[in-house]
Amino acid sequence: MSPENEGLVVLGSSRTPHTVGSAKMTIIPALEATTTGTHLNNINLFALSGVSRDIHQPLNGLNHGPSAAFDVPSAELSRRSPLKQSLTWIELDPTSFPRVTIGSFPDNVLLDIFDFCQMPLYDSPRWWHPLVHVCRRWRYIVFQSPLRLHLRLQWNANTPVKETLDVWPRAVPIVIKESRLQLPLRGANIIAALEHHDRVSEIHLTITSTLLKRLNKAMKKPYPVLTHLRLRSSMSAPVLRDTFLGGSAPRLEDLNLAGIPFPALPKFLPACHDLGFIYLTNIPNTGYISPEAMATALSALTKLKFVHIGFESPASSRPDPANRPPSSLTRVVLPALTHFKFEGACEYFEDLVARIDTPIITSLETWFFNQRYFDIPHFLQFISRTQIPGSVEQAKLYFEDKSVLIHFCHRNWIGFRFGLYIGISRPELDWNVACAAQICGKMSPFLSNVERLLINVYGFGNILLSNWRDYVDNPRWLEIFHAFPALQHMQIPPILGEIIASALQELTGERVMDALPMLRHLYLSSPSESTQQAIEPFISSRQRSNLPVTVHLTRMG
């Protein structure tokens, strides 16, 4: 395109030539347009950026000729302010107007362009570096708006903090990320970065016990701009003291501690008013927090949406029996909580949910440690106090190598999730099936409308069916079936076909109505010939009782 015939070059998100009448236009990536070559001031640019919603109104005293408007996709402007939602690119015949160069743009227009540049590069912490190296004016504009442009200095253990700190303005927040901290030198750079407590906005570290001790000493001051704190340790970690973060991180939004004991957490949380996500996983014995203290601390977080509390072992999560909640306990409300996951002793979970209400919760997942019997009256009351619409309509039973997962849910398998984890040393079904029968029996008040049940098996390898048959008795399976009086559809995996068919044989003759009275469809995945023969007495008995069941033979998976 010759200079005299070139059309408008517009900052956009893709390189696309356009022809409008006799004029031509090219949309090019914005960052590329602003950082390539040395002739930035000779690029023909025209932008209507929050100046006027009418593209036919004059801009900067220029008279518009024939023009065509090209709106920026609304998805790309979804997080823009109302002013910037009027951003429109228009193509003009360059022969009709004086040349408009990028150097003539006012600061606010350049800032809009820079802001638009960051969208496809938002995850790159260095996206803005080319802009500040163009000229002093651009550098000034960028550093005047660090929050709007989401400026960050991302440092790791290899960053020479002392040598690079003075290069950038203090207004630019610091992000510290490192997952490999084995050498003392690498830890030294991290400690040097953490000393700038008034600038650190995010901390993401996988740390050693030695480094955590140094963090206890280095991080005793408040971190006023810290929004994300994620610390992970795979070894025995020392306790975080109550002086950690100076006891204050008022802008914290995301807290993630994995294997990090922090028993002073209940004192720390109430000051974190913006906290929306809490992940406390692999809590060791030294990090134990009582259910009462945990509930009280969470009650101060009105924006809290997601909580994950996971203990390292049964011993680290078993509450003191002397502190079990009374029957007339006053509960605290977590008004914004929608997702709650728990891993630990059943007794701890019982004490915790007895003290809280979550009116808008939509997802609940609990994994209980190795135990045979479950007394969960507070859990059942907790469920009844939620606003989960209607009753459970579908259920899944997953039997795994050392666990069983029971998934109760609403339409489309979305809504309510209940999981049960049992740590056992041998892949035997008797314990798993017995626990599933217990939970289904206790949950039966919420299962009266379940119409679909899927049973599946994972992770048992080449365990022989004959070995399982020796450990699993029919009454356990019948206890499970009794919990689903409205069940119409049931799917059985091939490896459990004969076992479940044997249990169904007891529902014949006079006992035909003892369980599954509404069952109409039975799905057998890749059944063996012996499975089909074993299921025949049940099917025939239902047919004679005018309660026919249709058997569907499906392929595995």
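For this structure, a couple of remarks:
- If you go through the range 212-259 and keep only what is in contact with a Cys (Cβ under 9 Å, 6 or more places away or on another chain) and in a strand (DSSP E or B), you end up with just Leu255.
- Assessment of the range 486-497 against the conditions (over 19 Å from Cys440 (Cβ atoms) and either surrounded by fewer than 15 Cβ atoms within 10 Å (Cβ to Cβ) or more than 39 Å from the chain's Cα centre (by Cα) (or both)) yields no matching residue.
- In the set Lys220, Lys267, Lys213, only one residue is touching a residue at least 12 places away in the same chain (Cβ under 8 Å), in contact with a Ser or Thr (Cβ under 8 Å, 6 or more places away or on another chain), open to solvent by 10 Å² or more (accessible area, probe 1.4 Å) and not aromatic (Phe, Trp, Tyr); that residue is Lys220.
- Criterion violated by Leu252 - all others in (1) touching a helix residue (DSSP H, G or I) at 6+ places or on another chain (Cβ under 9 Å); (2) open to solvent by 10 Å² or more (accessible area, probe 1.4 Å) satisfied: (2)
- Subset of the range 185-210 that is assigned to a helix (DSSP H, G or I), open to solvent by 30 Å² or more (accessible area, probe 1.4 Å) and not hydroxyl-bearing (Ser, Thr, Tyr) - its residue that is farthest from Val172 (Cα to Cα): Leu185
- Evaluation of Leu257 against the conditions (1) touching a Leu at 6+ places or on another chain (Cβ under 7 Å); (2) surrounded by fewer than 20 Cβ atoms within 10 Å (Cβ to Cβ) shows that the sole unmet condition is (2).
- Among residues of the range 277-293 that are under 13 Å from Ala315 (Cβ atoms), those with a Cβ under 7 angstrom from a residue that is part of a strand (DSSP E or B), sequence gap 6+ or separate chain, pair up as Ile283/Gly310; Ile283/Phe311.
- Pair list, Cβ under 6 Å, 6 or more apart: the range 125-153 residue free of Cβ contacts under 8 Å to residues at least 60 places away in the same chain, other residue among the basic types (Lys, Arg) and open to solvent by 10 Å² or more (accessible area, probe 1.4 Å): Pro125/Arg152; Val132/Arg139
- Residue match in the range 338-346 (condition: closer than 25 Å to Thr227 by Cβ and surrounded by fewer than 16 Cβ atoms within 10 Å (Cβ to Cβ)): yes
- Filtered residue count, the range 520-557, keeping only those that are on the phi > 0 side of the Ramachandran plot and either buried (at least 19 other Cβ atoms within 10 Å of the Cβ) or touching a Pro at 6+ places or on another chain (Cβ under 9 Å) (or both): 1
- Considering the range 499-540, and only residues there that are in a helix (DSSP H, G or I) and touching a Ser or Thr at 6+ places or on another chain (Cβ under 7 Å), the residue that is farthest from Phe399 (Cα to Cα) turns out to be Gly509.
The values are calculated or read from the model by the stated rules, or taken from the named source; none is laboratory data. Everything numeric in this text was worked out from a predicted model, so none of it was measured. Here Cβ is always computed from backbone atoms with ideal geometry, including for glycine, and neighbour counts include all displayed protein chains. Each accessible area value is taken on the protein alone, full model and side chains, heavy atoms only, with ligands, DNA and RNA left out. Shrake-Rupley method; radii C 1.70, N 1.55, O 1.52, S 1.80 Å.
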